[in-house]
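Colleague: My questions all concern the structure below.
Computed from the coordinates by the stated procedures, all read-outs in this text should not be read as laboratory data. Predicted, not measured: the structure shown is a model, and the values here were computed from it. In this analysis, Cβ positions are derived from the backbone assuming ideal geometry, glycine residues included, and neighbour counts consider all displayed protein chains.
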Amino acid sequence: MDILSGLALGFGAALTTDNLLLCFAGALVGMLVGVLPGVGPIATMSMLLPLTFSLEPLGALIMLSGIYYGAQYGGSTTAILVNLPGESSSVVTCLDGHPMARQGRAGAALAVAALGSLFAGIVVTLITGLFAPSLAELALKFGAADMFSLMVLGLILATVLAAGSLAKAIAMVLLGLALGLVGTDVNSGAIRMSLGLPELSEGVPFVCIAVGLFSLAEIAINLENAGSRDVVAGRTGRLWLTRDELIQSTPAVMRGTALGAVLGIIPGGGAMLASFVSYIVEKKLARDPSRFGQGAIEGVAGPESANNAGAQASFIPLLTLGIPANAVMAVMIGAMQIKGIAPGPQIIGAQPGLFWGLIASMLIGNLMLVVINLPLIGVWVSLLRVPYRLLFPAFVLLCAIGVYSVDSSAFQVGLAALFGIIGYGLRKLEFEPAPLVLGLVLGPMMEENLRRALIISRGELTVLVYEPLSAVFLSIALLAILTIIAPRMRATRERLREE
Amino acid sequence: MRLAALLGVRRPVDLLAGMVLLALAALIWQLNARFPVGSLRAMGPGYVPRMLAVALAAIGLGLVIYARLGAACAMPAWRPRAAIVLALAMLAFGLLIERAGLIVATCVSVPLAALAGRDSRPVELFIFTLCAAIVAVVVFVWGLGQLIPIMPPAWTS
């Protein structure tokens, strides 16, 4: 199916009243929660995930993606006005966005962030529509060994590029894999690690883990380091760009979009890496780099476009390979699986309505966001004034109702609470929860593919190296690990010698 | 953590993290000990869990060693009060929702959660809790039509 007939099909599916409403509701609610400081897209999505469970699959995915890019947009608004990034990919936006706000140019910063994101979102969504189908077709030819190695590569890249210690990130992946094993094993019927609890015989519910590790633990950490907030809400200034600002920011938006599109596809890359790289690039290219950090508009335009482009591009590996590029996409996969959709290369061919409907809804949603964000900026600002002491009990209530409503199970609410404490402990031990959910969603698929590959090869593990594609994936993975480990080992060795 | 310093541990966080991983590895091994490992050609249900346990133990051991060799770094302060109080609020909601309904569960868990913060104001919190209970009923039960008991089931039956 070519992109035009695909889009026609997609708009047909996405432009129903229900789906438009879901798209709007998702974007609005996502922004509503994402604008609040200290609540990033993952926390927002986990909190609101249960709301989508009663919907039909396309509607649920449309709403969830709406929540995702709504939260992403909301995060930038907070970064500019409050200097408190809601999430890691907005860290960069603070650097120049907040100085702009202090100079009374918040309006320009918000406008360039919104328009840059809109441009990036539309371009990358169209790219997805153009290339995802052929990519998926290619991936359909992958054997079980290739798929297994590709997932290993995805996990390794995601951990290598993640912040913090590599060993700890890998440990989290392994722990996620182990959590994914809980419950009935499809091949043997054995019930593994359920601790004798019948509630766990079908596995640990994904919602409990997501809500606990991301929402509850995040709130607990926020409460622990409650700092001061500096809301610039006096004057946002004109919500438009001057001619000079437009000329300055346009190339930055283009470069940011390109960077985001490329870096977003790589597992572990996603929005954060793209925005960091874009900021560095803009600063290098600027005639006067000293303006950066003092309110340079390119420093907002580039990274904001890059982060939205990256966010959209991370849907590509999800929709073509069924591999989550980051924790947000893992939450997406979790939602798909709950809806009975098996993520993988077969989705586009088997359910074209779903794929193209999602693509069309992303185009619509990106447009909606600009409409929601800019004119209503006063509303978002007043929302920022709601004290955190009232917000977080409301979040906890939202989590509790959400988790309960999934299965009407009080047990799951308690389980989510337990994962909240576990999540806090993990953060304190400097374990990132993101790789854990990647392992959790990929675990069952990896085990399945490995088993199939080994059955075909009659138990020869060497099949993973003899299959050419699989060998390529594994060597890239090995290379990625070595490039990260080598400098660190050298540093440690030298430090030890000095002592 | 002075003890850790005395023992030549430079990174107490990693020591603790490594020990946690070792414990988890042992737990995973123990929980799967009764399942057959099988062979590579026909993996049993015990195969992958054991592999994971061994890998986790290896990383745990690595962290424990690294805790002595790596660049020194202090243990961050643990203030788990907030996390525990939040979890208790969730737990209270879970325990009450089926016995006492959404309104009671909200009116208990919201103030309880608020205790996790440091600056709570009783009057404000009281009004806020009532509003939250109303909003919860209106949005989730009436608006989204979710099957959550509003009142104690004993009253309605």
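Colleague: Suppose only helical runs count, i.e. DSSP H with n ≥ 4. What mean residue ellipticity at 222 nm does that imply for chain A under -39500 (n - 2.57) per run, divided by all residues and rounded to the nearest 500 deg cm²/dmol?
Modeller: That comes out to -24000 deg cm²/dmol.
Colleague: Please give the direction-averaged projected area of the C-alpha convex hull for chain B, in square nanometres with one decimal. Walk me through the numbers before you get to the answer.
Modeller: Working: hull surface 66.2 nm².
The directionally averaged projection comes out at 16.5 nm².
Colleague: Rounded to the nearest 20 Debye, what is the dipole magnitude of the protein assembly as shown about its Cα centre when Lys and Arg each give +1 and Asp and Glu each give -1 at the C-beta?
Modeller: Working: 39 positive and 33 negative charges, 309 e Å.
Taking the Cα centre of the protein assembly as shown as origin, the dipole is about 1480 debye.
Colleague: Another question, if that's okay. Averaged over peptide B:96-102, how many Cβ atoms belonging to another chain are found within 10 Å of each residue's Cβ?
Modeller: Per residue, the average neighbour count from other chains is 3.
Colleague: Now for a different question. Mind ranking A:118-124, A:297-303, A:363-369 by how tightly packed they are, going by the mean number of other C-beta atoms within 10 angstrom, highest first? Display every interim value, and only then the final one.
Modeller: On the way: A:118-124: 23.6, A:297-303: 31.7, A:363-369: 21.9.
So the order, starting with the most tightly packed, is A:297-303, A:118-124, A:363-369.
Colleague: What translational diffusion coefficient, to the nearest whole µm²/s, does the protein assembly as shown have by Stokes-Einstein, given a Kirkwood radius computed over alpha-carbon pairs, a temperature of 37 °C and 0.692 mPa s viscosity? Show your work: numbers first, answer last.
Modeller: Values: Rh = 25.6 Å.
Rounded, D is 128 µm²/s.
Colleague: On to the next question. Which cross-chain or sequence-distant (5 or more) residues have an amide H under 5 Å from the amide H of A:Arg192, H modelled 1.01 Å from N in plane?
Modeller: Counting only residues 5 or more places away or on other chains, the set is A:Gly183, A:Thr184, A:Asp185.
Colleague: Counting alpha carbon pairs within less than 8 Å and at least 6 residues apart, what relative contact order, in whole percent, applies to chain B?
Modeller: Computed over chain B, the figure is 22 percent.
Colleague: Still on this structure, please answer the following. Show the residues, 5+ positions off or on another chain, whose built amide H is closer than 5 Å to the amide H of A:Gly104.
Modeller: Answer set, sorted by chain and number: none.
Colleague: Can you sort A:Trp356, B:Trp142 so the residue with the fewest Cβ neighbours within 10 Å comes first?
Modeller: Numbers: A:Trp356 27, B:Trp142 10.
Ordered by Cβ neighbours within 10 Å, fewest first: B:Trp142, A:Trp356.
Colleague: At a Cα cut-off below 17 Å, give the aspartates and glutamates reachable from A:Lys283, other chains included and same-chain residues fewer than 8 away excluded.
Modeller: Excluding near neighbours in sequence, the set is A:Asp96, A:Glu245, A:Glu298, A:Glu304.
Colleague: While we're here: Per q in 0.23, 0.28 1/Å, what log10 I(q)/I(0) does a Debye calculation on the alpha-carbon atoms of segment B:79-128 return?
Modeller: Rounded to two decimals, the profile gives -0.81, -1.00.
Colleague: Another question, then. Looking only at Cα atoms, what is the convex hull volume of segment A:271-312 per residue, in Å³?
Modeller: On the way: hull volume 2.1 nm³, N = 42.
In segment A:271-312, the Cα hull volume divided by residue count equals 49 Å³.
Colleague: Starting from the Cα of A:Lys428, draw a straight line to each of the aspartates and glutamates and keep only those under 16 Å, dropping any in the same chain fewer than 8 residues away.
Modeller: A:Glu218, A:Glu224, B:Asp14
Colleague: Next question. Angle between the Cα long axis of helix A:3-14 and the longest principal axis of chain A, 0 to 90 degrees, nearest 10?
Modeller: 80
Colleague: Please compute the average number of Cβ atoms from other chains found within 10 Å of each residue's Cβ in peptide B:54-61. Intermediate results must be reported in sequence, preceding the final value.
Modeller: Details: counts 1, 6, 6, 0, 3, 8, 2, 0.
Per residue, the number of nearby Cβ atoms from other chains is 3 on average.
Colleague: Just want the answer: with Cβ charges of +1 for Lys and Arg and -1 for Asp and Glu, which residue in A:Ala145, A:Thr184, A:Ala169 is farthest toward the dipole's positive end in the protein assembly as shown?
Modeller: The Cα lying farthest towards the positive end belongs to A:Ala169.
Colleague: Leaving out same-chain residues fewer than 8 places away, which aspartates and glutamates sit with a Cα under 14 Å from that of A:Lys339?
Modeller: Correct list for A:Lys339: A:Glu56, A:Asp407.
Colleague: Tell me the trypsin sites (Lys or Arg not before Pro) within segment A:384-466 that lie in a loop according to DSSP and have at most 11 other beta-carbon atoms within 10 Å.
Modeller: Within segment A:384-466, the qualifying trypsin sites (Lys or Arg not before Pro) (loop, at most 11 other Cβ atoms within 10 Å) are A:Arg385, A:Arg458.
Colleague: Under unit Cβ charges (Lys, Arg +1; Asp, Glu -1), what dipole magnitude, rounded to 20 debye, does chain B have relative to its Cα centre?
Modeller: Roughly 640 debye for chain B.
Colleague: In whole Hz, what ³J(HN,Hα) sequence does segment A:419-433 give by Karplus (6.51, -1.76, 1.60; θ = phi - 60°), x for Gly and Pro?
Modeller: Calculated HN-Hα couplings, in order: 5, x, 5, 4, x, 4, x, 4, 4, 5, 8, 6, 9, 7, x Hz.
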